[in-house]
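The structure appears right after this line, and notes come after that.
The values are calculated or read from the model by the stated rules, or taken from the named source; none is laboratory data. Just so it is clear, the model here is predicted, and its values are computed rather than measured. Protein only, heavy atoms only, side chains kept; ligands, DNA and RNA dropped before computing areas. Shrake-Rupley method; radii C 1.70, N 1.55, O 1.52, S 1.80 Å.
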Amino acid sequence: MFYFVIFIQTAVNTGISIGAILLAGECLQIMYSELSPHGPLKLYHFIAMVTVIMICLSQFPSFHSLRHINLASLFLNLGYTFLVVGACIRAGTSKNAPPRDYSLETSHLSRLFSAFTSISIIAAIFGNGILPEIQATLAPPATGKMLKGLMLCYSVILVTFYSASVSGYWVFGNKSNSNILKSLMPDEGPSLAPTWVLGLAIVFILLQLFAIGLVYSQVAYEIMEKNSADANKAVFSLRNLIPRIILRTLYMTLCGFFAAMLPFFGDINGVVGAVGFIPLDFILPMLLYNITFKPKKSSITFWVNTSIMVIFSCAGLLGSFSSIRKLVLDANKFKLFSSDVVD
């Protein structure tokens, strides 16, 4: 069970790190395309730039050293959401408002697969509370810290993710891009929001993505450095510094390589949610509760936990299949190291 959980945690954190690098590279590409529409640089060039920055920032020695970055990340998140929602409302009420189409896919099978992919993405969104949850267990009492951390996390999710997604879908319908900034800055025609608003939003989300990549990579660093570090030596001693630089550089380089090779942002979210967050957040806690506290099989607690495990096991399996299916279908349409992010 220990190694199973470690495997899922590593997969989740690696997937999020890849997604953060990919989206940050896309934000740089958006800025570049506005300044130089016919410039020679491609998406993978910007992903390489982001990877180099992440390698430098990854040398923060511990999660505790990121506490100020975490706080700044929260304000960046709120600021970005405020700007994007305002821009979407302005675009939707302007005379240049884009046509809206809210229709679904015609194939019932495609709708079914899309629904389970969406469930996996939603699981990935709400699974963002997993890292505060893990870190809270390091210092007792854990229960109160976990609850406070999760409540704050879910409050931020409801305010930010849902306001941005609802306003974006209201304006652009099913043509909405996974990165709403690209929808607000169409390839043809004028931008649908003031340039300074879009520029500031890009800066906010870019800084936010650096923070996300740093936070979620810490678990992988802890696992890698458990055997390579010497606890009896100082954090910045050569004995600990050299292995840390090598391991973290290799890890970030690997994440950047996969982000550039497979630029499938929505698909990555779906796979991470189905393979990682659903079992880690909705199945294992109920299983471990039943194993640890052994509620009677006739009790409501036992059957509620068992029902949740069965339902989300099915959702996870179907979500994994549909997410990987979409990833394969998208991969057939695009070549490796494409210059466009696939939704």
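Each residue was assigned an accessible area with a 1.4 Å probe, and for TYR102 the value is about 100 Å². Taking all protein chains together and rolling a 1.4 Å probe, MET1 ends up with roughly 110 Å² accessible.
How large is the Kirkwood hydrodynamic radius of the range 167-247, counting all unique pairs of alpha carbons, in Å? Walk me through the numbers before you get to the answer.
Working: mean 1/r = 0.0611 Å⁻¹.
In the range 167-247 this quantity evaluates to 16.4 Å.
Please report the carbon-and-sulfur percent of the accessible area for the range 1-92; probe 1.4 Å, protein heavy atoms only, DNA, RNA and ligands left out. Answer for the range 1-92 is 76 percent, counting heavy atoms of protein chains only. For the chain, lysine pairs separated by 8 or more sequence positions, or belonging to different chains, with Cα-Cα distances below 29 Å total 19. Surface exposure of the chain, expressed per residue as accessible area with a 1.4 Å probe, stands at 54 Å².
Which percent of the accessible area of the range 97-233 is formed by carbon and sulfur heavy atoms (probe 1.4 angstrom)? Intermediate values should be presented prior to the final figure.
Details: 5010 of 7450 Å².
So the carbon and sulfur contribution to the accessible surface is 67 percent.
If you average 1/r over every pair of different alpha-carbon atoms in the range 211-299 and take one over that average, what Kirkwood value in Å do you get?
Working: mean 1/r = 0.0608 Å⁻¹.
The Cα-based Kirkwood calculation yields 16.5 Å.
Entry note: the chain has Rg to Rh equal to 0.98, where both radii use alpha-carbon atoms and Rh is the Kirkwood radius. Helices meeting the span-like rule in the chain (full DSSP H runs, Cα extent of at least 24 Å along the helix axis, mean Kyte-Doolittle score of 0.0 or higher): 2-35, 67-93, 108-126, 142-172, 195-228, 238-261, 300-333. Here's how it looks for ASN177: its modeled amide H is under 5 Å from those of SER183, which are all 5 or more places away or on a different chain. Remark: relative contact order (the range 136-284) = 10 percent; criterion is Cα-Cα distance under 8 angstrom and separation of 6 or more residues. Amide H contacts of PHE264: VAL342, each under 5 Å away and 5 or more positions distant or on a separate chain (H built 1.01 Å from N in the peptide plane; Pro and chain starts excluded). Of all the options PHE257, PHE302, PHE126, the one that moves most in a Gaussian network model of the chain with Cα springs shorter than 10 angstrom is PHE302.
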